[in-house]
Structure formats: structure tokens, C-alpha cells
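What follows is one structure encoded as C-alpha cells, with my remarks underneath.
The values are calculated or read from the model by the stated rules, or taken from the named source; none is laboratory data. Quantities reported herein were computed from a predicted structural model and do not represent experimental measurements. When we count neighbours, we look across all protein chains shown, and the Cβ atoms used for this are built from the backbone with ideal geometry, even at glycine. These accessible areas exclude ligands, DNA and RNA; they are computed on the full protein's heavy atoms, side chains included. Shrake-Rupley method; radii C 1.70, N 1.55, O 1.52, S 1.80 Å.
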Amino acid sequence: MTPHLPTPTLQPEEHTTRRRQLAAGVRDSFSAGLGILPLGIALGLLVVQAGLPWWLAPALAVAVFAGSLELLLVGMIAAATPPAAIALTTLAVNFRHVFYAFSFPLHLVRNRFAKAYSVYAMIDEAYAVAAALPEAERSGPRLLALQVSCQLYWAGGGLVGVALATALPAPVEGLEFALCALFTVLTLDALHARREIPSLLLAGVSVTAALLLTPGAALLTALLLFAVLLLLRHALAGHAADGEDGEDGEDGEDGQDTGTTGGAAHA
Amino acid sequence: MPSTSYLLGVLALVFSLTLALRAVPFAVLRTLRGSVIVQRLAVWMPVGIMAILAVTSLRSTVVAVPGTLHWALLAVAVTVGVHLAAGRRTILSVGIGTAVYVVLVNAW
């Protein structure tokens, strides 16, 4: 899906518009930050407790910038795991990002370098928050502000954790629940924007099977199963509709953006 | 403690792999723009991916603080309730839901 807003011509109020979009992006990041910050702190604590140099916490936030993988890596690095094993783990844990490209609104970011940053900084939270926003409210500056904020929470949280490791016995338990709450809320919003009940059911089947079959790698397994099920759905929809209404059959809620862009994809 | 060169090597390795996993799909999809299947997946995927993230992050929460599944489920219900009742204000819903979980876990 590649919807295209008409390129805005330069207006006097362009600057205030941009500032408002940046502010909106920072505001979007608050709820994500509620989950990211405690995880960042946990990462900083872990780094110090594993006997690794403190700078590894912010370095991971910059070089890796993928929460669950960073937490895994601390243990592997502390045990001096061979690079080949680390490479395999990285590919397995982060393979899920492959699926985000289908619906991450990268086309909103116009500047080349900003685009590169946006791809580099496409973490779960940024993907989920950005994909949940209604089409009309999205913008490049808003997306970038969200992503930069998220990365600052990660790096900042890591540094706080490093500092805390020397001062406090243990941080408050349970703050990581914020991420679960965030994804729950975003699921509700995405469902509100587009009544994709079949997708929700297929995702439910996928994640249930994944939790039963591979509890340790539930996210990756669930996404793979989900992708396979959607491909099956595509095959069925293709045969059933055979070109007449397969595209917009189930998203009448806000069909104006999907319907009009259906055939108008361009680079 | 591992050597600094090992640490830097690992960081460089993981950086290139994570970036590739994020970037290559965009490059591939650019060549497939007009295809019906890509457009359908773009519409079908978000809700499902978010639901899957919600469930798996619920699992990580409960694994991190064992024996709290019932509190986590209660907090999810509170989050959903607040979100639907208070006009879909994300920060409010996430904040209240998280506060409920943290208080329950630390109080019992």
C-alpha cells in the first residue's frame, strides 16, 4: 500500500506545521517510552552485573537498537560467545522485522538520510505506534520524532541503569508490562481503524500455536505462521473474488484510502 | 572480561545484521509495488502483528515476574477497559494498566 498525499508546496506556516508534527511524534513516543525506559534500565543493570564495561549499554542502544536482542546479547557477550553463534541468534531473533516493511509508512520520509535512519530505527514499538496512526495523521517528521525519542529512551534508560546498578539493590518489578499494555492498546486502535477480524483470528491461531510449540521463540514462530496463513488467505481470496473485489472486500470502514491507492502505487 | 576488540567486533557484526534485516525487505518490496499480494499483506498484517506482539510481550512480562499471570490478565482487562471508556487516550490507558500491574505484583 503506497498512499500518496499531494506534495505540499512551501507555505508560510510550513514551519509551525512541521513543529506541530514533531511535537505529535514526541507525544506518540511517551506511551512507548513507558515500556522502553524500564527495559533500558534493566539493560544497564545487566551490563554492569555481568562485569561488562558501562559504555556497552549505550553502545548496544546505538549499534543494535532492538530491545529483546540487546538483553540476550549481554549474556552472550559476557560468556564470550563465538561471533557465528551471535550472528545466528541475531538473525533468528530479529527476523520478524522482515514483515514490518509491508506496512511501515517509510514513504512519508522524504530525505534520503532521514529515510535511512527511519529504516535503521524501525523497532517494534515504532512500527506498532506508526502503523496504528490513521493515514491522515501520519507524517514524516512525526514518524522521525517518534523514532529518535524511542532511541533516546533506550540509550538514556541504559545509562540510568548503569548508574542505578551501583546505587540500588533492585528496580521496581513489573514495569515491563507497559509494553504489553501498549501493544494491547495499539491492537484495539488498529482494529478500530480497520475491522480486520480475519487477520486478528489468524494472528490468534498463530500465537497460540507458537506458544504451545516453541514457547522460547514464540514471537518469531507466530509471525512466520501468521505470514503463511495470510498467504493462504490471499490464495483463497484470489480464487473466490477473482479480481472483482478481493482488494477491498473487508475494509469498508475507511476504504477511501485503500480503495483509491489500490492500483496507484508508484515510487 | 571480554576484550574491547571482541566487544567492538560483536557490535559491528550485530549492527550490520540488524540493519540488513530492516532494510532488505524495503528494497525487495520496492520492486514488487504494484503486486496485489503485497498490497493485501500491507492491509492485513498490522492488526495481527500487534496482537501477536501483545501476547508475546505478555508472556515475557509473566516470565520476568513468575506467578503473576492472573495479575497480568487483570491489568490487560483494565488497560482495555480504560482505553475504551476514556476515549482511546493511549498514554492514560498504558499508564493506568501498568500502574495496576506494578502495584499488584509488588503488593502481593
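Report, as an integer, the average count of C-beta atoms from other chains found within 10 Å of each Cβ along A:188-200.
5
Could you tell me the accessible area of A:Asp124 in Å² (1.4 Å probe, neighbours in place), rounded to the nearest ten?
Accessible area of A:Asp124: about 20 Å².
I need the phi-derived Karplus couplings for region A:133-143: 6.51 cos²θ - 1.76 cosθ + 1.60, θ = phi - 60°, integer Hz, Gly and Pro marked x.
Result, ordered by residue: 5, x, 3, 5, 8, 7, 6, x, x, 5, 4 Hz.
Identify, among B:Gly87, B:Val47, A:Ser149, the residue whose Cα sits farthest towards the positive end of the charge dipole of the protein assembly as shown, taking +1 on the Cβ of Lys and Arg and -1 on the Cβ of Asp and Glu, with the dipole about the Cα centre.
A:Ser149
Using amide H atoms built in the peptide plane, which far-off residues or other-chain residues are under 5 Å from A:Trp54 H to H?
Those qualifying (amide H under 5 Å, at least 5 residues apart or on another chain) number zero.
At 7 Å along the Cα-to-beta-carbon direction for both B:Ser3 and A:Arg20, put a label point, then send me their distance in nm to one decimal.
5.7 nm
Per the 1.4 Å probe, what fraction of the accessible area of the protein assembly as shown, in percent, lies on carbon and sulfur atoms?
Carbon and sulfur together cover 70 percent of it.
Rounded to the nearest 500, what is the protein assembly as shown's calculated 222 nm mean residue ellipticity when only DSSP H runs of at least 4 contribute -39500 (n - 2.57) each, over all residues?
That comes out to -24500 deg cm²/dmol.
Using only the alpha-carbon atoms, how far is helix B:90-107 inclined from the longest principal axis of chain B? Give it as 0 to 90 degrees, nearest 10.
60 degrees
Based on the Cβ-Cβ distance of A:Glu173 and A:Ala79, what FRET efficiency does E = 1/(1 + (r/R0)^6) give at R0 = 22 Å, to the nearest 0.05?
Efficiency computed from Cβ-Cβ geometry: 0.30.
For the protein assembly as shown, what is the convex hull volume of its Cα atoms per residue in Å³?
Convex hull of Cα atoms, per residue: 146 Å³.
Kindly write out, for region B:2-15 in residue order, the coupling ³J(HN,Hα) from the Karplus curve 6.51 cos²θ - 1.76 cosθ + 1.60 (θ = phi - 60°), rounded to whole Hz, with x marking Gly and Pro.
So the Karplus estimates, Gly and Pro as x, are x, 5, 4, 5, 5, 4, 5, x, 5, 4, 5, 4, 5, 4 Hz.
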